[in-house]
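Some notes on the structure that comes next.
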Amino acid sequence: MKPLQGLTVLDFSQFLSGPSASLRLADLGARVIKVERPDGGDLCRRLYISNLELDGDSTLFHSINRNKMSFAANLKDPDDLSKVIRLIKSADVLIQNFRPGVMEKLGLHYEAVKKINPRIVYGEITGYGKTGPWKNKPGQDLLVQSLSGITWLSGDQEQGPVPMGLAVADMFAGAHLVQGILACLVRRGVTGEGGLVEVSLLESLLDVQFEVLTTFLNDGEKAPQRSGINNAHAYLAAPYGIYKTSDGYLAIAMTPVSQLGELLDCAPLAAYSDAKTWFTRRDEIKQLLAGHLSQRSTAHWLGILEPADIWCADVLTWPRLLEHEAFRSLSMTQEVARAGGAKLETTRCPIRIDGELLLSPVGSPKIGEHTEDIWRKMGEEPQEQLMEM
C-alpha cells in the first residue's frame with residue numbers, strides 16, 4: 001500500500017509548478033483529479049518541448065500529468081462550480097497556482113474553501129508572493145530566475161548572466177509545496193484541522209541559494225566571483241570545474257591542487273602548496289590544469305585519479321548515460337499509457353518506500369476523461385464515500 005493511498009487531491013493548477021507537486025502526491029498513492037477547463041484544459045497541453053506531441057498533447061504535459069484523472073469544469077458556470085464544490089467537500093488536498101485574486105473572484109480561495117471543508121489542506125503557488133510590488137508580475141520560470149540572482153552563478157566570468165537549462169523555479173516550488181502539504185496532513189492527523197500552504201517561485205529559488213546567499217550576507221555583501229574559465233561554482237576554489245580532454249570531458253571536484261599536480265605529473269600545479277592560492281589564483285591554476293588535461297583521454301585521467309580516491313567523473317551525454325549499467329540498474333524509466341493506447345516512456349518517481357519502487361502504468365488523462373464517472377459516483381454514493389472510487 002502506498003503511503004498516501006485513500007487521499008484525494010483536487011489539482012486546479014497549470015503548467016509545471018503545481019502539476020509537479022500533484023504528480024509527486026500521485027506517485028505516493030494519492031488520487032489526483034485535475035480540474036480543467038472544457039475548452040483546452042491545462043495550458044501545458046500546448047506547451048511543447050522540441051515540438052514533440054503525442055495523442056494531441058505535448059509530451060511535457062504527458063510527463064508531468066501521468067497517473068491523474070481529469071474533471072472538466074467551467075468555474076464561471078454556476079452548475080459546474082456547484083459540482084466542483086461537492087468535490088471539495090470530500091477532498092483532502094486542493095492545489096492551485098493562479099495569480100493572486102483569481103481564486104477570490106471564483107469564491108474558491110482558502111477562507112471560502114475552509115468553510116466548505118475545514119479538514120482540507122490548501123496549497124497555492126504564486127510567482128512572488130501575494131504582497132509587494134511584484135505580486136502581479138508573470139510567474140514564469142526564466143523571469144523568476146532573472147530576478148532571483150541565480151543567473152550570476154553559472155557560466156564563466158565574462159559570459160554575463162546564464163540561466164539554468166531547466167525550469168528550476170517551477171520544480172523547486174513544486175517540491176516545497178509537497179513538503180508543506182505533507183506536514184499539514186501530519187498535523188491534521190493529530191488535530192483534525194487542515195491548513196494553508198503557500199510557496200512562491202521566487203522564495204523557492206532564494207531558498208536553494210541558501211549557501212551562497214548566506215555567504216553574501218555575512219561577507220560584506222561581496223558579489224559572487226565566477227571563474228574566468230571552467231567555472232562550476234562561483235564560491236569554490238580551483239580545481240572545481242569541468243575540463244576538456246583529448247576525447248571528451250572530465251569533472252573534478254574539491255581536491256588539493258598540489259596533490260593533483262603530483263598525480264597528473266604536472267609540475268607547475270604541484271607548486272601550489274598554499275591552499276589560499278587555490279582561490280586567489282584560481283583562474284591561473286585552472287588554465288594550467290586545462291592545458292594539461294587536454295593532452296590525454298578522459299579514460300586515461302580517470303585511470304590515474306579514481307584509484308587515488310580523487311573526486312572526479314566522466315561527463316556523460318544522455319545516450320552514453322542510458323547505455324551505462326549504472327543507469328540501467330536504477331530502473332529509472334517506465335512506460336505509461338492512455339486508455340486509447342498511446343504510450344510514453346518517461347521517468348519514474350525517484351523515491352523508494354520500504355525498498356519498493358513507486359510505479360504506475362497510467363498515462364495522462366484526456367480533457368474531462370473522468371468527468372462522467374466522477375459525477376455519476378457523486379450522485380450514486382453518499383457524500384462520505386464520494387472519494388472512494
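The values are calculated or read from the model by the stated rules, or taken from the named source; none is laboratory data. As the structure is a prediction and not an experimental result, all values here were calculated from the model. Using ideal geometry, Cβ is built from the backbone for each residue, glycine included, and neighbour counts are taken over all protein chains shown.
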Just one listed residue, out of 179, 145, 157, 209, is without any contact (Cβ under 8 Å) to a residue 60 or more places away in the chain and either buried (at least 18 other Cβ atoms within 10 Å of the Cβ) or of a type outside the set (Gly, Ala, Ser) (or both), and it is 179
Residue within the stretch 25-36 that is buried (at least 21 other Cβ atoms within 10 Å of the Cβ), in a loop (DSSP other than H, G, I, E, B) and within 20 Å of the chain's Cα centre (by Cα) present
yes
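Taking the stated definitions as given, is residue 5 out of contact with any helix residue (DSSP H, G or I) (no Cβ under 8 Å at 6 or more places or on another chain) and outside any helix (DSSP H, G or I)?
Values: out of contact with any helix residue (DSSP H, G or I) (no Cβ under 8 Å at 6 or more places or on another chain): yes; outside any helix (DSSP H, G or I): yes.
In short, yes.
Please enumerate the residues belonging to the stretch 133-142 that are free of Cβ contacts under 8 Å to residues at least 12 places away in the same chain and within 16 Å of residue 167 (Cα to Cα). Let's see the steps before the verdict.
Quick first cut of the stretch 133-142, residues free of Cβ contacts under 8 Å to residues at least 12 places away in the same chain only: 133, 137-138.
Selection gives 138 alone.
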Being under 28 Å from residue 48 (Cβ atoms), hydroxyl-bearing (Ser, Thr, Tyr), touching a residue at least 60 places away in the same chain (Cβ under 8 Å) and assigned by TED's automatic domain parsing to the domain that holds residue 358 narrows 70, 90 down to just 70
Checked the stretch 62-101 for anything more than 17 Å from residue 39 (Cβ to Cβ) and β-branched (Val, Ile, Thr); matches are 64, 85, 88, 93, 95
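Can you find a residue that is crowded, with 18+ Cβ neighbours inside 10 Å, closer than 30 Å to residue 210 by Cβ and modelled with pLDDT of 95 or more anywhere in the stretch 292-303?
The answer is no, given that none of the residues of the stretch 292-303 is crowded, with 18+ Cβ neighbours inside 10 Å, closer than 30 Å to residue 210 by Cβ and modelled with pLDDT of 95 or more.
Could you check, for the stretch 282-289, whether at least one of its residues is closer than 30 Å to residue 358 by Cα, of a type outside the set (A, V, I, L, M, F, W, C), surrounded by 14 or more Cβ atoms within 10 Å (Cβ to Cβ) and in contact (Cβ under 8 Å) with a residue 12 or more places away in the chain? Before you say what the answer is, go through the steps one by one.
So in the stretch 282-289, the residues closer than 30 Å to residue 358 by Cα come out as none.
The answer is no; no qualifying residue exists.
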Every listed condition ((1) among the β-branched types (Val, Ile, Thr); (2) outside any loop (DSSP other than H, G, I, E, B); (3) more than 28 Å from residue 147 (Cα to Cα)) holds for residue 255 save (2)
Within the stretch 320-373, residues being surrounded by 17 or more Cβ atoms within 10 Å (Cβ to Cβ), in contact with a Gly (Cβ under 7 Å, 6 or more places away or on another chain) and hydrophobic (A, V, I, L, M, F, W, C) number 3
